[in-house]
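K.L.:
Would you mind keeping the following structure in view while I ask a few things?
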Amino acid sequence: MSQLRVLVGCKRVIDYAVKVRVKPDKTGVVKEGVKHSMNPFDEIALEEVRLSPLLLLNPRHTHTQTLYSGTPEMRTSP
């Protein structure tokens, strides 16, 4: 039995339903007190790994999914 390891990168972004405000000094956007969530495209990528035909149709493969984020707020210990 072989093991397949899958690494999925993700990014924490301002939630798509939130109206983004520009800082008064025009150096970026206001991030404090704003709802953040996982990038929707990263959610799709994670779901694609879970439903991959390679993993579903081949019982010889076991797999490990690892979700990586460079954002300190999203990091958790396994």
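The values are calculated or read from the model by the stated rules, or taken from the named source; none is laboratory data. Because the structure is predicted, anything quoted here is derived from the model rather than measured. Cβ: placed from backbone, ideal geometry, glycine included. Neighbour counts: every protein chain shown. Calculation scope for accessible area: heavy atoms of the full protein, side chains included, ligands and nucleic acids excluded. Shrake-Rupley method; radii C 1.70, N 1.55, O 1.52, S 1.80 Å.
Quick grid of which residues meet (1) within 20 Å of residue 18 (Cβ to Cβ); (2) modelled with pLDDT under 75; (3) open to solvent by less than 70 Å² (accessible area, probe 1.4 Å):
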| residue | (1), (2), (3) |
| --- | --- |
| 39 | yes, no, yes |
| 47 | no, no, no |
| 50 | no, no, no |
| 53 | no, yes, no |
| 58 | no, yes, yes |
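K.L.:
Now for a different question. Mind counting the residues in the range 8-32 that are closer than 25 Å to residue 46 by Cβ and in a loop (DSSP other than H, G, I, E, B)?
P.N.:
Summing the residues that are closer than 25 Å to residue 46 by Cβ and in a loop (DSSP other than H, G, I, E, B) in the range 8-32 gives 7.
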